[in-house]
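Notes follow the structure.
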Amino acid sequence: MSDRSDALQLPPDLEELSRIRHEFEGLMLRYKFGIDEMMTKLNILKEEFSYRDDYSPIEHVSSRLKSPESILAKAVRKGLEPTVEQIAEHIHDVAGIRVTCSFISDAYRIFDMLTAQADVTVLRVRDYIAEPKKNGYQSLHVLIEVPVFLSQRVHKVKVEVQIRTIAMDFWASLEHKIYYKYDGDVPDSLLAELRDAAATASRLDVTMERLHDDVKALDAETERYIDPISVGSLELPDTLLRTFWPADVAPVPALDELPRPDISEA
């Protein structure tokens, strides 16, 4: 009777195929972990702003992991060997994150906060906001590398982060749908309209940011105060009032029973 281990041994071709599959799945898992690391960083920043300030520069964060079919197709287009080493070295958009914000200044603010973190290494920056593509596309692209700590070793994983305003994101989404519908062969008339729409979106971004700055400046100049005469109309929760009311004084009076401050002495 043959040994059980011999019976389970794969033919050489299948064994090699199994090895390649295992390596590729491991690579995809590392990219997934790289996305997880960056999503955690961005969500922490977003939650911090929600807690600390009235305004957060991060409106929305989404991620995507390129499919194995798309990765292999890109490797063929780039003339690469379909190996884990070649893919990891030459294909930079396997792991992607998109951050949308309200204003152009927010995009650079998010970039500065993210890239200032000690374990984030910036590999490449492409600023299509300062220099839009010919078709009108605008976005801030940054290729970064983050450490992924596994049980046996640390892997450096590349993640591409795209930061853009809501207007830029809307335009890019529409452009993608048009190119998909026409299978890349978009009529010249539509391309011209897309460029016009990109210019309109850019003007909208500039206008809205100026209005936002004007409102902030107005808020800074206007002192917020409470008129003592109107204090009786404030809606203070009963539980909050009881917190500050001396324990040895009872009962807690109604708000309209509280004495009004005498401002004549001021």
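The values are calculated or read from the model by the stated rules, or taken from the named source; none is laboratory data. In this text the structure is predicted, and so the values were computed from the model without any measurement. Here the Cβ positions follow ideal geometry from the backbone for every residue, glycine too, while neighbour counts run over all protein chains shown. Ligands, DNA and RNA are excluded from the accessible area calculation, which covers all protein heavy atoms including side chains. Shrake-Rupley method; radii C 1.70, N 1.55, O 1.52, S 1.80 Å.
Determine if the range 81-101 includes at least one residue that is at pLDDT 90 or above, more than 22 Å from Val146 (Cβ to Cβ) and assigned to a loop (DSSP other than H, G, I, E, B). Checking the range 81-101: not a single residue is at pLDDT 90 or above, more than 22 Å from Val146 (Cβ to Cβ) and assigned to a loop (DSSP other than H, G, I, E, B). Residues in the range 13-55 that are closer than 18 Å to Glu160 by Cα, among the charged types (D, E, K, R) and under 19 Å from the mean Cα position of the chain (by Cα): Lys32, Asp36, Glu37, Lys41. You will find that of Ile58, Ile71, Ile104, Ile110, the residue that is more than 19 Å from the chain's Cα centre (by Cα) and of a type in the set (A, V, I, L, M) is Ile71 and no other.
Is it the case, given these coordinates, that Ala107 is free of Cβ contacts under 8 Å to residues at least 60 places away in the same chain, touching a strand residue (DSSP E or B) at 6+ places or on another chain (Cβ under 9 Å) and part of a helix (DSSP H, G or I)?
Numbers: free of Cβ contacts under 8 Å to residues at least 60 places away in the same chain: yes; touching a strand residue (DSSP E or B) at 6+ places or on another chain (Cβ under 9 Å): yes; part of a helix (DSSP H, G or I): yes.
Against the criterion (free of Cβ contacts under 8 Å to residues at least 60 places away in the same chain, touching a strand residue (DSSP E or B) at 6+ places or on another chain (Cβ under 9 Å) and part of a helix (DSSP H, G or I)), Ala107 qualifies.
Listed here are the residues, each with its yes/no results for (1) at pLDDT 95 or above; (2) more than 25 Å from the chain's Cα centre (by Cα); (3) charged (D, E, K, R).
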| residue | (1), (2), (3) |
| --- | --- |
| Val157 | yes, no, no |
| Asp196 | no, yes, yes |
| Asp219 | no, yes, yes |
| Ile229 | no, yes, no |
| Leu234 | no, yes, no |
| Leu241 | no, yes, no |
| Trp245 | no, yes, no |
| Asp256 | no, yes, yes |
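Look at the range 50-72: where a residue is free of Cβ contacts under 8 Å to residues at least 12 places away in the same chain and within 24 Å of Gly96 (Cβ to Cβ) and a partner is surrounded by fewer than 15 Cβ atoms within 10 Å (Cβ to Cβ) and not aromatic (Phe, Trp, Tyr), sitting 6+ places away or on another chain with Cβ atoms under 8 Å, you get Ser56/Ser50; Leu72/Pro82.
Residues in the range 35-76 that are more than 13 Å from Ile91 (Cα to Cα), open to solvent by less than 50 Å² (accessible area, probe 1.4 Å) and touching a strand residue (DSSP E or B) at 6+ places or on another chain (Cβ under 8 Å): Ile35, Met38, Met39, Leu42, Pro57, Ile58, Val61, Ser62.
When the range 177-195 is filtered for residues that are over 11 Å from Tyr137 (Cα atoms) and either assigned to a helix (DSSP H, G or I) or touching a Pro at 6+ places or on another chain (Cβ under 9 Å) (or both), the ones remaining, listed by number, are Lys177, Ile178, Tyr179, Tyr180, Lys181, Asp188, Ser189, Leu190, Leu191, Ala192, Glu193. In the range 154-181, the qualifying residues are those that are charged (D, E, K, R) and over 23 Å from Val122 (Cβ atoms), and the one that is most open to solvent (accessible area, probe 1.4 Å) is Lys181.
Within the range 77-96, restricting attention to residues that are open to solvent by less than 40 Å² (accessible area, probe 1.4 Å) and among the small types (Gly, Ala, Ser), which residue is nearest to the chain's Cα centre (by Cα)? Break it down into steps so the answer makes sense when it comes.
Step one: list which residues in the range 77-96 are open to solvent by less than 40 Å² (accessible area, probe 1.4 Å), which gives 80, 84, 87-88, 91, 93-96.
Okay, now just the ones that are also among the small types (Gly, Ala, Ser), so 88, 95-96.
Values: Ala88: 23, Ala95: 13, Gly96: 10 Å.
Within the range 77-96, the match that is nearest to the chain's Cα centre (by Cα) is Gly96.
Being free of Cβ contacts under 8 Å to residues at least 12 places away in the same chain, over 30 Å from Asp188 (Cβ atoms) and not β-branched (Val, Ile, Thr) narrows it down to one residue among Glu131, Glu145, Glu89; which is it?
Working: Glu131 fails: over 30 Å from Asp188 (Cβ atoms); Glu145 fails: free of Cβ contacts under 8 Å to residues at least 12 places away in the same chain.
Glu89 is the lone residue from the list that is free of Cβ contacts under 8 Å to residues at least 12 places away in the same chain, over 30 Å from Asp188 (Cβ atoms) and not β-branched (Val, Ile, Thr).
Screening the candidates Asp13, Asp6, Asp54 for the property of being outside any helix (DSSP H, G or I) and at pLDDT below 90 yields one hit, Asp54.
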